[in-house]
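Visitor: Sharing a structure below in structure tokens format, with a few things to ask.
What follows is calculated from the coordinates using simple rules that are stated; it is not laboratory data. Just so it is clear, the structure is predicted and the values come from calculations on it, not from any experiment. Glycine also receives a Cβ, built like all others from the backbone with ideal geometry; neighbour counts cover every protein chain displayed.
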Amino acid sequence: MTSSLIRGRPRRATGRISVLVLRAVLGVLIAVAWPASPGMTSGPDAPVAVGSERPVASASAQQEPDDSSAGDLVLPLVAAVAAVAVAGYGYVRRTRRARTRTTPGGEPVRAAGPPLGDLDERARALLVDADDWVRTSREELSFAGALAGTEAVAPWARALRDAETELASAFRMRQRYDDGVPEDEARRRQVLAGIVGRCEEAGRRLDAEAAGFDQLRGLEAGVGGALEVAEARFRELTARTASADTALGELGDRYGPAAGADVSGYVEQAKDGLVFATSRLNEARQGADLGETERAVRNLRAAEGAVAQAGVFIDGVERRVAELVTAAGLVAPALTGAEAEIAGARERAASAPGGRSDVRISHADGVLADVREEVTGGPYDPMEALRRIVRGVVPVADGRAGVLSAAAALLAHSSVGAAEDHIATHRAAVGCTPRTRLAEARRLLTATPGLTDLLTADALARRARDLADQDARTPTRRPTTTTASFGGPHTHARRA
């Protein structure tokens with residue numbers, strides 16, 4: 001924002017020029033009028049040279065014509081000088097207005113603020129940062145809630161929800177911006193500024209509660225209670241890892257190798273995280289026993305992060321197993337419902353003028369035939385079978401088969417969960433675009449979505465997962481940033 005001091009300078013400069021021009025005009029008028037004024041000529045009482053041989057009357061008679069002639073020349077000369085001065089002043093004013101005008105026809109005025117590309121990059125970076133702030137705070141809140149109880153952390157839960165709301169609005173603005181809305185540069189600049197403002201507000205909401213959150217956890221006084229919570233969660237995840245490994249191995253035998261592709265390698269990554277957490281928990285315990293609080297807190301936080309990430313991996317495997325079981329039970333009803341939708345579409349086509357069969361109906365029939373053949377042919381991926389059924393029949397459906405909506409909802413929630421897990425566990429390398437697509441898919445699921453919204457959410461989430469995977473496979477290093485979270489500002493060097 002321009003300071004009032006700077007904003008006042010052009011007005012004072014203009015006033016100065018006006019005063020100077022006015023003084024110049026007055027000076028010229030006085031200079032011209034002064035010699036020709038009657039008070040400066042010889043009057044009847046003026047002394048006359050003694051040596052003059054001419055009569056006084058004769059001299060006076062000769063003076064009168066001269067005075068009249070000079071008086072006649074003064075006014076035109078004054079008017080001419082005044083006109084020139086006013087014209088010069090007007091020229092200066094017009095020139096200044098032409099240089100500073102903002103209306104069409106003047107010189108183009110350079111837009112205030114950074115270039116659009118720089119503002120775009122800043123908005124992207126802040127979206128990534130704010131998303132990480134929210135995710136980090138969510139993890140910290142889960143550990144604090146396990147120690148202090150749900151009621152004790154209620155104020156911070158509200159602050160986290162407020163930050164999530166700001167972030168969701170920022171992601172929605174970013175999605176529309178990526179879609180080309182609005183089109184003109186001035187309004188797109190405003191959108192980017194709005195994204196920046198909402199991300200910063202999300203960070204302020206979290207930072208405002210950081211001091212109280214630290215007091216709630218009481219880590220400065222000792223890590224005993226928090227360390228016990230982390231160790232208990234570590235032991236729980238260790239037991240779940242073994243069962244998840246067994247369940248993941250069974251997926252290939254029951255549903256084919258493609259069924260567990262989204263969670264392939266999750267168990268191994270969870271084990272690696274737990275190994276890292278083991279060493280950090282031991283370091284934290286040693287620090288606490290020796291009274292080295294700073295060392296204990298540092299290692300405790302690292303252990304909590306590793307345990308939280310391992311939990312995401314194990315949750316993802318368990319959720320995938322449950323989704324496949326549910327999907328397998330929906331395939332047969334979905335086929336029946338799809339056949340009913342096609343029959344209704346065929347009746348509508350027959351009663352329409354011309355009675356010609358719709359090409360979309362033929363395509364839907366072909367899709368169902370392929371799915372039936374795949375189902376009866378051996379192990380198959382029930383999630384992918386449902387996706388093909390829903391996408392093949394939706395173009396001709398009129399909503400009479402509710403089972404298709406249930407299948408579409410299962411697909412959308414599954415894709416959103418898979419993308420969420422992948423971004424959460426690889427967020428050091430994932431950029432703005434995958435997070436934006438995921439946020440839009442999540443938004444579509446918050447209301448009461450129809451079939452079209454569910455299919456769109458499914459497609460966006462799958463796209464987000466693919467983009468996040470591409471980012472994770474491209475090693476990058478981001479600049480060191482300060483993370484706003486309940487645990488206070490922590491500096492992290494993000495790298496793949």
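Visitor: To the nearest 20 Debye, how big is the dipole of region 295-439 about its Cα centre, given +1 on the beta carbon of each Lys and Arg and -1 on that of each Asp and Glu? Please report the intermediate quantities before stating the final value.
Guide: Values: 17 positive and 17 negative charges, 141 e Å.
Around 680 debye, computed over region 295-439.
Visitor: Further question: What is the sum of charges, Lys and Arg at +1 and Asp and Glu at -1, for the other residues whose Cβ falls under 12 Å from the Cβ of residue 288?
Guide: So the surrounding residues net to -3.
Visitor: Please say if region 144-274 is rounded, prolate or oblate, where rounded means a/c under 1.5 for a ≥ b ≥ c the square roots of the C-alpha gyration tensor eigenvalues, and otherwise the choice is prolate for a/b larger than b/c and oblate otherwise?
Guide: Oblate shape, in that a/c is at least 1.5 and b/c is the bigger or equal ratio.
Visitor: Is the shape of region 257-359 rounded, prolate or oblate, going by the alpha carbon gyration tensor and its root eigenvalues a ≥ b ≥ c, with a/c under 1.5 for rounded and a/b larger than b/c for prolate?
Guide: Prolate shape, in that a/c is at least 1.5 and a/b is the bigger ratio.
Visitor: With a Förster radius of 45 Å, plug the Cβ-Cβ distance of residue 370 and residue 242 into 1/(1 + (r/R0)^6) and report the FRET value to the nearest 0.05.
Guide: Once rounded, the FRET efficiency stands at 0.75.
Visitor: Evaluate 2.2 N^0.38 Å with N set to the residue count of region 225-300, then give the Cα radius of gyration divided by it.
Guide: Dividing the Cα radius of gyration by 2.2 N^0.38 Å gives 1.46.
Visitor: Still on this structure: Tell me the net charge near residue 433. Cut-off is 10 Å between Cβ atoms, residue 433 excluded, with +1 for each Lys or Arg and -1 for each Asp or Glu.
Guide: After counting each charged neighbour, the total is +3.
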